[in-house]
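Here's the structure, in structure tokens; my notes come after.
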Amino acid sequence: FSCNLSDRLCCLLGLLYQEYRDKSTRQEIETRRLQDSQTDPEESSPSEETPSEAEPTSITESKAPPQISLLRNSNSRFNLWQDLPEIRSSGVLSILQPDEIKLQEAMFELVTSEASYYKSLNLLVSHFMENERLKKILHQSEAHILFSNVLDVMAVSERFLLDLEQRVEENIVISDVCDIVYQHTVNHFSVYITYVSNQTYQERAYKQLLQDKPAFREVISQLELDPKCKGLSFSSFLILPFQRITRLKLLVQNILKKVEEKSDRENTALDAHKELETVVKACNEGVRKMSRTEQMISIQKKLEFKIKSVPIISHSRWLLKQGELQQMNGPKTSRTLRTKKLFREIYLFLFNDLLVICRQIPGDKYQVFDSAPRGLLRVEELEDQGQSLANVFILRLLENADDREASYMLKASSQSEMKRWMISLAPNRRTKFVSFTSRLVASRKHGQLRRLFPAQPSRGTSKGCSFTIYACLCLCAGWIFGERLHDQERGWFPSSMGEEILNPKIRAQNLKECFRVHKSDDSQRRKLGSRNRQ
């Protein structure tokens, strides 16, 4: 290219990446709401029309249209592929089928969003990282933790964007982009794992610098006020790589939904999606590992053992849930409560493989008086026992710290809190061996919800994304236990954060699309299981 890359990109999109994500998320939500309100979207769909025999079977073969000069045009601000002057003047919109136009838009969105992302990354480096006043304030080690390997990430984005640009400029009708995504994910996107894994230390260092260095706080505030930042905070620029790698997977997934089945483009989209999913999972696991290590060290310092000490810190152990419950005491504890019982506060630390039962003591400490492996826990809900036993369940330790069986009658603050504790303490382990395809079939029996703007992202989810989930178990007091369709992450969320998909055709479409994305993985798991059995 004859002109500078950054100059062309700054004019490609007027939006920074965070603004682009907010805008695209709102558009996606409105589109899905509109689809959900339609009772029969297929009847009037123009995509069902059969093309006449006179129509060419391949646009690229039948016509040699001019190149798109969007990325070289310094005055271009078009966000839709079909709005480009080159597209409108070519007449290609009257030839392409509606489904193909939608596919072109999906691929074009991936390119333009990468340009917006690169622009924001460039601003993070040039405006913040390379600021001379900031360099003088920060020690070299502090700057390294704060900005990590962002230069590597930006270099990868630049190389990726150049290849995407070249593909767009080859032909007015984009042939494919997922093959480029696949190659770059396999060969270059490991830099995202390094950056995202550092997120825990990055956040801690940033908070510490704001607290300990007034000069740092002052410079950052001044830089944030610059019109270039468009009102966005420094921290919003720091989380760009984590947002992008997650969003990129969703963009490829959107392309996959629109490509023709059993085609070469479907195969490349599946390959790209699989590799991106691997990178995203590695990023999430890196963040979790760092956070878990710090959390386990913090918990270990707070525990004092009244019983035989149990080593808490382990690379394979992490905290699932912690909180206060009421233990029912008395000389003859029974379900009928014919004698007055007393309540005593206890505190539970539930790890993935261990339960620790404590009482809180002065000095923000906890005295451990019992423990048990998580696999030896059983729970039982008490039903129809009157108001005094509302939200009460029995926790059985088949083998506790004293190598004997023990039972605790525990009271939660609400019905939903009780059920969340029960499922966490003794989950249904059979679900581990149920294939994804089987879960899709079962999910038709449950209400499916679309989660919109999660204020508190659940474990493994990215901030600000909208996604579809189906509810596995509906609970009272406004909490639902659900699973995200696009990556099978499970967790609890308030029912107010989502809205039910009432249109049965849209629900069926979501399940079909999800099955299509994961069918190759499920088939591979079945083959592996068959090989193991042999």
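The fraction of accessible area contributed by carbon and sulfur in segment 86-244 is 52 percent, rounded to a whole number (1.4 Å probe; ligands and nucleic acids excluded). Pairs from the list K289/K321; K119/K249; K301/K365 with a Cα-Cα gap above 18 Å: K119/K249. When you count the other C-beta atoms within 10 angstrom of each residue and take the mean per peptide, 343-349, 221-227 line up highest first as 343-349, 221-227. Per residue, the accessible area of segment 78-298 comes to 42 Å², computed with a 1.4 Å probe over protein heavy atoms only. Loop-located GluC sites (Glu not before Pro) in segment 227-310 (DSSP state not H, G, I, E or B) with no more than 16 neighbouring Cβ atoms inside 10 Å: E260, E261.
The values are calculated or read from the model by the stated rules, or taken from the named source; none is laboratory data. These figures come from a predicted structure and were not determined experimentally. Cβ sites come from the backbone with ideal geometry, for glycine too, and all protein chains shown count toward neighbours. Calculation scope for accessible area: heavy atoms of the full protein, side chains included, ligands and nucleic acids excluded. Shrake-Rupley method; radii C 1.70, N 1.55, O 1.52, S 1.80 Å.
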